[in-house]
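For reference, the structure is listed below as structure tokens.
The values are calculated or read from the model by the stated rules, or taken from the named source; none is laboratory data. The model shown is predicted, which means the values in this text are computed figures rather than measured ones. As a convention, Cβ positions derive from the backbone with ideal geometry for all residues, glycine included, and neighbour counts pool all protein chains shown. All accessible areas refer to the heavy atoms of the entire protein, side chains included, with ligands and DNA or RNA removed. Shrake-Rupley method; radii C 1.70, N 1.55, O 1.52, S 1.80 Å.
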Amino acid sequence: MTVLAFLQNMWVRDPARVRALIERYGESYRRRLIAYALFAGCASGRNLKTAFGEELCRLITWEEASREVTGHPGARPRADPVHIAASLKEHEPDIVICFGRIAGDAVAPLWTGKLILAPHPAARQPDTMARLRHAATELQKMLT
């Protein structure tokens, strides 16, 4: 089964450099960079590993609702419905997970299949980890 997850957008310390690398090496590089940056130690990746476990995290294809690369974790670029639709078409997922309201609000009108809505993994609400664990349980049930 193919599981496609949408986060909000990538943020890095040097966005100009990363944008230049993506332009130089292309879309496949951008996709690999999403997973690398996510699990290289940021709070979102740590929380996802805690809630979903490493095995599920490796199973998931990671994508962003916006291709915009920012330099601050608090930046909130608008979701790109054209990019989202293209990602859905390309990956043909069986299950889609949206992390955060920005991703969820943008993906939901474009996707009629199995959908899991979860909080952004770095959200500061006290129930974030419980809700992420619930999403992981939903995913496990859908995969069996």
Quiz prompt | Per residue Cα convex hull volume in Å³ - calculated over the chain | solution = 101
Practice problem: Return a whole-number percent for the relative contact order of segment 21-85, with Cα pairs under 8 Å and 6 or more residues apart as the contact set. | Solution: 24
Quiz item: Under a point-charge model restricted to the Cβ atoms of Lys and Arg (+1) and Asp and Glu (-1), what is the dipole moment magnitude of the chain relative to its Cα centre, in debye to the nearest 20?
Solution: 380
Self-check item: Whole-Hz couplings from phi, Karplus 6.51/-1.76/1.60, listed for segment 70-85; x for Gly and Pro
Solution: 10, x, 8, x, x, 5, 10, x, 5, 5, 10, x, 5, 5, 4, 4
Quiz item: Once phi is turned into ³J(HN,Hα) by the Karplus curve 6.51 cos²θ - 1.76 cosθ + 1.60 with θ = phi - 60°, what whole-Hz value does each residue of segment 136-144 show in order, with x for glycine and proline?
Solution: 4, 5, 4, 4, 4, 5, 5, 7, 9
Self-check item: Hits among lysines - C-alpha to C-alpha of LYS89 under 18 Å, sequence gap 8 or more where chains match
Solution: LYS114
Quiz item: Which residues' amide hydrogens lie under 5 Å from the amide hydrogen of MET10, considering only partners 5 or more residues apart or on another chain, with H built in the peptide plane?
Solution: THR70
Self-check item: Amide H contacts of GLY100 (H built 1.01 Å from N, under 5 Å, at least 5 apart or other chain)
Solution: ALA118, HIS120
Self-check item: Set of aspartates and glutamates near LYS141 by C-alpha distance (under 20 Å), chain-local residues within fewer than 8 positions excluded
Solution: GLU54, GLU55, GLU92, ASP94
Practice problem: Tally up the carbon and sulfur contribution to the accessible surface of segment 53-95 as a whole percent, 1.4 Å probe, everything protein left in place. | Solution: 47
